[in-house]
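Enquirer: So that we are looking at the same thing, I have put the structure below in structure tokens.
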Amino acid sequence: MTDIRIFGEPILVYFGPVPVTETMVTSTAISAALLVIAAGLRGYARLHPQSTIATMTRMVVRWLDSLVSEIVGRPEPKLTLLAGSLFVFIAACNLAGQLPGVRPPTASLATTSALAIIVFFAVPVFGIASQGIGGYLMEYFRPNPLLFPLHLVSELSRTLALSFRLFGNIMSGHLLVALLISLSGFLVPMPFMALDLLIGLLQAYIFAILSTVFIGAAIGQGEKA
Amino acid sequence: MNEQTIIAMVSILGAAFTMAVGALGAAIGESRIGAAAMDALARQPDEASSITRTLMISLAMVESTAIFCLVIALVFLFANPFKAVGS
């Protein structure tokens, strides 16, 4: 029962005045690994367009494209970029928790809050880029000006829900495996680790879908193609 | 029985009660969503992809209430603001 860390975590090293925690190290390593893999796949797919790996890469990209265009109603390359990056990063973070000794970065409230805040600020950015600043602000008074406070509360609460959902799911899965190991031992937590694989991918999918839905609601009110 | 013991006791009871009620509500809601989605799938198998996507979103929305309860229960147990430091 020594390794229970729910909120906060110890600081590994000070980099000048900036404290560096384990989550920062792992998430930076995962981002770097994803960048290297993506660049490698891009170069490989350009050299060998008919190979299996290139086909699988294209399938993933096309799946993300169709996901966004089905929700928004028209192709949105910039939104696909954001939602796809969120999905790939969160899925990689969740699955990294299965490696021995690695604590998934998404099991820390700081990471999930940062991701949710990105979505929180992406909503007005995409909305203003699509409808202009007046059109976007009018959305808050749309059915009735009395609903303006409710719109504000929903903006904040869904950001909170987005971060706590991801944090709670991943952290509880990790905690459950840790508790089972300390209680029973070796092979017993394996079914729960398999469940963690499923839940990790599902939560990444849900995070990407929900951010697409939020941003799509901000940009999709105009003409529907 | 000093003050800290009472606080610990009430925190544990509160965490257990929070998880029980929170899981109950989320389970009822999710079962209703699952049943409705199966009904819709049986009626319109062609719309499977759209139904599955909406199902996932609704399940996540309902599940988040249970996750909030879990976070609050964990705050009671591991990050209790009323517990004296070092005990």
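Enquirer: Only one of (1) surrounded by 12 or more Cβ atoms within 10 Å (Cβ to Cβ); (2) over 22 Å from A:ASP196 (Cα atoms) fails for A:ILE30. Which number is that?
Expert: Every condition holds for A:ILE30 apart from (2).
Enquirer: Does A:THR52 qualify as being open to solvent by less than 50 Å² (accessible area, probe 1.4 Å) and more than 14 Å from every other protein chain (Cβ to nearest Cβ)? Don't jump to the end; show me each part of the working.
Expert: Values: open to solvent by less than 50 Å² (accessible area, probe 1.4 Å): no; more than 14 Å from every other protein chain (Cβ to nearest Cβ): yes.
Against the criterion (open to solvent by less than 50 Å² (accessible area, probe 1.4 Å) and more than 14 Å from every other protein chain (Cβ to nearest Cβ)), A:THR52 does not qualify.
Enquirer: Could you check the stretch A:65-114 and list, in sequence order, the residues that are of a type in the set (Asp, Glu) and within 14 Å of chain B (Cβ to nearest Cβ)?
Expert: Initially, the stretch A:65-114 is screened for residues of a type in the set (Asp, Glu), giving A:65, A:70, A:76.
Of everything in the stretch A:65-114, just one residue is of a type in the set (Asp, Glu) and within 14 Å of chain B (Cβ to nearest Cβ), namely A:GLU70.
Enquirer: Give just the number: which of (1) within 14 Å of chain B (Cβ to nearest Cβ); (2) more than 17 Å from A:ILE6 (Cβ to Cβ); (3) touching a residue at least 40 places away in the same chain (Cβ under 8 Å); (4) surrounded by 16 or more Cβ atoms within 10 Å (Cβ to Cβ) does A:ALA161 not satisfy?
Expert: Failed condition: (3).
Enquirer: Among the residues of the stretch A:165-194, write down those that are within 14 Å of another protein chain (Cβ to nearest Cβ) and touching a helix residue (DSSP H, G or I) at 6+ places or on another chain (Cβ under 9 Å).
Expert: Here is the first cut: in the stretch A:165-194, the residues within 14 Å of another protein chain (Cβ to nearest Cβ) are A:165-176, A:178-179.
Passing the criteria: A:ARG165, A:LEU166, A:PHE167, A:GLY168, A:ASN169, A:ILE170, A:MET171, A:SER172, A:GLY173, A:HIS174, A:LEU175, A:LEU176.
Enquirer: Take B:THR5 and decide whether it is within 14 Å of chain A (Cβ to nearest Cβ), part of a helix (DSSP H, G or I) and of a type in the set (S, T, N, Q).
Expert: Values: within 14 Å of chain A (Cβ to nearest Cβ): no; part of a helix (DSSP H, G or I): yes; of a type in the set (S, T, N, Q): yes.
Against the criterion (within 14 Å of chain A (Cβ to nearest Cβ), part of a helix (DSSP H, G or I) and of a type in the set (S, T, N, Q)), B:THR5 does not qualify.
Enquirer: Provide a single number: the residues in the stretch B:18-62 that are open to solvent by less than 60 Å² (accessible area, probe 1.4 Å) and within 9 Å of chain A (Cβ to nearest Cβ).
Expert: 6
Enquirer: Got at least one residue in the stretch A:169-187 being farther than 28 Å from A:GLU9 by Cβ, in a helix (DSSP H, G or I) and out of contact with any Lys or Arg (no Cβ under 7 Å at 6 or more places or on another chain)?
Expert: No, the stretch A:169-187 contains no residue that is farther than 28 Å from A:GLU9 by Cβ, in a helix (DSSP H, G or I) and out of contact with any Lys or Arg (no Cβ under 7 Å at 6 or more places or on another chain).
Enquirer: Looking at the stretch B:1-33 only, could you name the residues that are in contact (Cβ under 8 Å) with a residue 24 or more places away in the chain and either under 15 Å from B:LYS83 (Cα atoms) or not aliphatic (A, V, I, L, M) (or both)?
Expert: If the condition is that a residue be in contact (Cβ under 8 Å) with a residue 24 or more places away in the chain and either under 15 Å from B:LYS83 (Cα atoms) or not aliphatic (A, V, I, L, M) (or both), then B:GLN4, B:ILE7, B:ALA8, B:SER11, B:ILE12, B:GLY14, B:ALA15, B:THR18, B:GLY22, B:GLY25, B:GLY29, B:GLU30 are the ones that fit.
Enquirer: Another one. Is it the case that B:ALA79 is surrounded by fewer than 16 Cβ atoms within 10 Å (Cβ to Cβ) and within 14 Å of chain A (Cβ to nearest Cβ)? Explain how you work it out, then say what you get.
Expert: Details: surrounded by fewer than 16 Cβ atoms within 10 Å (Cβ to Cβ): yes; within 14 Å of chain A (Cβ to nearest Cβ): yes.
Considered against the rule, which asks whether it is surrounded by fewer than 16 Cβ atoms within 10 Å (Cβ to Cβ) and within 14 Å of chain A (Cβ to nearest Cβ), B:ALA79 comes out as yes.
The values are calculated or read from the model by the stated rules, or taken from the named source; none is laboratory data. In this text the structure is predicted, and so the values were computed from the model without any measurement. Every residue, glycine among them, receives a Cβ derived from its backbone with ideal geometry; neighbour counts consider all protein chains shown. Side chains are part of the model used for accessible areas, which takes the heavy atoms of the whole protein and leaves out ligands, DNA and RNA. Shrake-Rupley method; radii C 1.70, N 1.55, O 1.52, S 1.80 Å.
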